[in-house]
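One structure is given below, encoded as structure tokens.
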């Protein structure tokens with residue numbers, strides 16, 4: 001059967017019909033039966049087919065026998081976020097294109113999608129995800145659960161709360177007995193956190209943390225602890241010194257294990273802790289360090305750049321021309337990434353730094369707040385809703401203030 005699959009794949013790749021492949025070797029019917037694994041065949045016939053197709057059948061067979069392990073190792077490297085190993089294993093998997101014709105074709109494509117997600121190549125990942133069910137209607141049980149997981153991770157990367165709800169719906173369909181990859185608990189917990197369902201988030205992130213600790217996945221264990229800490233630190237009445245100490249411990253762990261990505265996330269979160277308590281100079285320092293660790297064309301860069309500029313403006317910590325340059329940079333990058341949320345946020349910063357308050361409050365009411373409300377961006381909705389409310393109260397526009405109070 002496997003030999004037949006290899007012959008069929010390379011025949012179709014070469015653009016030959018069964019008749020053309022069998023010419024002078026055997027009948028078209030015999031070629032068809034060999035390809036479908038419905039008849040016995042001689043080694044001589046396979047050797048002649050191989051010569052005509054310019055392949056080494058033994059090399060192809062050897063590759064298919066090891067491809068399952070290669071795919072498993074590649075998947076594991078992605079889970080562990082080992083960048084160099086991910087690249088090397090991808091090259092090994094792609095040594096032969098026969099994987100496309102094997103029973104692992106769906107798994108290969110889904111891991112390619114996950115690889116693109118790892119590299120923040122969202123459009124390339126979506127292209128594969130959107131076609132997967134149609135192209136592979138009879139996926140193996142493991143592969144279907146992998147498909148659900150990859151799809152959930154894709155939705156999770158969005159800034160839209162509706163997509164976070166979709167992530168929860170998709171990830172909750174995973175059958176852990178068939179899949180076996182408990183890493184998905186972390187993504188499910190993250191999705192619940194993003195819709196402000198803290199109890200469910202803590203439940204799943206705690207399960208993920210125990211799994212990461214058992215499997216020595218230090219990077220993901222660090223991220224799980226950071227997410228649990230973020231839930232605790234959302235309460236302004238929590239012990240601030242304890243929270244800062246835990247953040248610094250986790251950052252130290254990142255430095256010990258070389259976890260650059262995690263360190264950036266933690267520094268950004270620690271910046272929020274200082275910002276939310278009005279310590280803008282300290283917040284600026286952590287946001288700036290976090291920004292230096294982000295890739296320039298990533299959503300993380302936009303988030304951290306906005307936070308950095310915002311903290312500078314709140315604390316009056318930078319000159320106007322510097323702020324204008326940074327805001328222009330952020331606006332341009334947001335447009336390049338088609339990130340509608342940060343296009344809006346950088347416009348708000350622009351009107352504010354230019355002291356064009358009439359446009360600032362008008363844009364806030366007509367564009368920004370409806371966008372934050374529709375996208376369920378609760379912290380942004382509350383913050384800017386309160387600013388607009390206070391503006392209308394100060395302007396004695398009490399009816400307007402009452403309307404805006406719905407956003408707070």
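The values are calculated or read from the model by the stated rules, or taken from the named source; none is laboratory data. Keep in mind that what you see is a predicted model, and the values were worked out from it rather than measured. Every residue, glycine as well, gets a Cβ built from its backbone with ideal geometry; the counts of neighbours run over all protein chains shown.
Here are a few things to note about the model shown:
- Among the residues making up the range 332-342, those that are free of Cβ contacts under 8 Å to residues at least 40 places away in the same chain and either closer than 18 Å to residue 287 by Cα or surrounded by 19 or more Cβ atoms within 10 Å (Cβ to Cβ) (or both) are 333, 334.
- Of residues in the range 262-289 being surrounded by fewer than 17 Cβ atoms within 10 Å (Cβ to Cβ) and in a helix (DSSP H, G or I), the one modelled with the highest pLDDT: 281
- Flag if residue 238 is in contact with a helix residue (DSSP H, G or I) (Cβ under 8 Å, 6 or more places away or on another chain), modelled with pLDDT under 95 and buried (at least 21 other Cβ atoms within 10 Å of the Cβ): no
- Pick from the range 351-374, criterion closer than 30 Å to residue 121 by Cβ and surrounded by fewer than 20 Cβ atoms within 10 Å (Cβ to Cβ), ranking: modelled with the lowest pLDDT: 374
- Every test in (1) outside any loop (DSSP other than H, G, I, E, B); (2) at pLDDT 95 or above; (3) crowded, with 16+ Cβ neighbours inside 10 Å is passed by residue 174 save one, and that test is (1).
- Meets criteria (crowded, with 18+ Cβ neighbours inside 10 Å, at pLDDT 95 or above and more than 24 Å from residue 375 (Cα to Cα)) for residue 183: yes
- Test: residue in the range 293-300 that is under 17 Å from residue 345 (Cβ atoms), touching a residue at least 60 places away in the same chain (Cβ under 8 Å), assigned by TED's automatic domain parsing to the domain that holds residue 337 and not in a loop (DSSP other than H, G, I, E, B): yes
- Helices (runs of 4 or more DSSP H) wholly inside the range 1-98 that include at least 1 residues being over 30 Å from residue 183 (Cα atoms) and touching a residue at least 60 places away in the same chain (Cβ under 8 Å): 2-14
- All conditions in (1) modelled with pLDDT of 90 or more; (2) buried (at least 18 other Cβ atoms within 10 Å of the Cβ); (3) not assigned by TED's automatic domain parsing to the domain that holds residue 98 hold for residue 44, with the sole exception of (2).
- Set side by side, the residues 132, 157, 125, 167 differ, and just one is touching a residue at least 60 places away in the same chain (Cβ under 8 Å) and in contact with a helix residue (DSSP H, G or I) (Cβ under 7 Å, 6 or more places away or on another chain), which is 157.
- Failed item, numbered, when residue 132 is tested on (1) modelled with pLDDT under 95; (2) within 28 Å of residue 375 (Cβ to Cβ); (3) surrounded by fewer than 20 Cβ atoms within 10 Å (Cβ to Cβ): (3)
- Elements of type helices (runs of 4 or more DSSP H) contained in the range 348-408, each with 2 or more residues being touching a helix residue (DSSP H, G or I) at 6+ places or on another chain (Cβ under 8 Å), over 23 Å from residue 327 (Cα atoms) and not assigned by TED's automatic domain parsing to the domain that holds residue 330: 378-394, 398-404
- Test result for residue 255, at pLDDT 90 or above and either surrounded by fewer than 18 Cβ atoms within 10 Å (Cβ to Cβ) or in contact with a helix residue (DSSP H, G or I) (Cβ under 8 Å, 6 or more places away or on another chain) (or both): yes
- Enumeration of residues in the range 129-171 that are part of a loop (DSSP other than H, G, I, E, B) and over 17 Å from the mean Cα position of the chain (by Cα): 136, 137, 138, 139, 140
- Annotation: residue 216 fulfils all but one of (1) outside the structural domain of residue 318 (by TED's automatic domain parsing); (2) assigned to a helix (DSSP H, G or I); (3) out of contact with any helix residue (DSSP H, G or I) (no Cβ under 7 Å at 6 or more places or on another chain); the unmet one is (2).
- Only residues that are under 17 Å from residue 348 (Cβ atoms) and surrounded by fewer than 17 Cβ atoms within 10 Å (Cβ to Cβ) were counted across the range 388-407, and they come to 1.
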